[in-house]
Amino acid sequence: MTKAELIDAVADGADISKAAAAKAIDTFTGTIAKTLKKGKKVTLVGFGTFSVTKRKARKGRNPRTGETIKIAAAKTPKFSAGKALKLAIK
């Protein structure tokens, strides 16, 4: 599903305009991103939890040259599905 298809589905389901649905989705995703940037979790009971994990610096290998390279430490977003979501897709 693309963002445009999601906007259409939200607009139809909530009986609102597509512009209002787009604004709501943008606000939702922006709020999750800001919260994760602060290092906090976002939990939607039944749906899942968004969080940030830390990856340590490590060594890797350039597949083209075989040369050893350093991969910097990084923070990455993580999503863990909730029980209701897991059951909904079975």
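The values are calculated or read from the model by the stated rules, or taken from the named source; none is laboratory data. What you see is a predicted model, and the numbers here were worked out from it, not measured in a lab. Every residue, glycine among them, receives a Cβ derived from its backbone with ideal geometry; neighbour counts consider all protein chains shown.
What is the residue count in the stretch 14-62 for residues that are of a type in the set (A, V, I, L, M) and under 16 Å from Leu85 (Cβ atoms)? Explain how you work it out, then say what you get.
Start the filter on the stretch 14-62 by keeping residues that are of a type in the set (A, V, I, L, M), which leaves 14, 16, 19-22, 24-25, 32-33, 36, 42, 44-45, 52, 57.
Now narrow it down to the ones that are under 16 Å from Leu85 (Cβ atoms): 32, 42, 44-45.
The qualifying residues number 4.
Looking at this structure, is Lys23 assigned to a strand (DSSP E or B) and modelled with pLDDT of 95 or more? Don't jump to the end; show me each part of the working.
Numbers: assigned to a strand (DSSP E or B): no; modelled with pLDDT of 95 or more: yes.
When the stated conditions are applied, Lys23 does not pass them.
What pairs can you find where one residue is in the stretch 33-50 and β-branched (Val, Ile, Thr), the other is part of a loop (DSSP other than H, G, I, E, B), and their Cβ atoms are less than 8 Å apart, with a gap of 6+ or different chains?
So the pair list comes out as Thr35/Lys41; Val45/Gly82; Thr49/Lys41; Thr49/Gly82.
Going through Ile32, Ile7 one at a time, which residue ends up being surrounded by 12 or more Cβ atoms within 10 Å (Cβ to Cβ), modelled with pLDDT of 95 or more and either within 14 Å of the chain's Cα centre (by Cα) or not in a helix (DSSP H, G or I) (or both)?
Numbers: Ile7 fails: either within 14 Å of the chain's Cα centre (by Cα) or not in a helix (DSSP H, G or I) (or both).
Going through Ile32, Ile7 in turn, just one is surrounded by 12 or more Cβ atoms within 10 Å (Cβ to Cβ), modelled with pLDDT of 95 or more and either within 14 Å of the chain's Cα centre (by Cα) or not in a helix (DSSP H, G or I) (or both): Ile32.
If you take the residues of the stretch 37-85 that are assigned to a strand (DSSP E or B) and hydroxyl-bearing (Ser, Thr, Tyr), which of them is surrounded by the most Cβ atoms within 10 Å (Cβ to Cβ)? Don't jump to the end; show me each part of the working.
Filtering the stretch 37-85 down to residues assigned to a strand (DSSP E or B) leaves 42-44, 48-55, 58-61, 68-71, 74-81.
Checking the rest, the ones that are also hydroxyl-bearing (Ser, Thr, Tyr) come to 43, 49, 51, 53, 68, 76, 80.
Details: Thr43: 13, Thr49: 14, Ser51: 17, Thr53: 9, Thr68: 9, Thr76: 10, Ser80: 12.
So the residue we want is Ser51.
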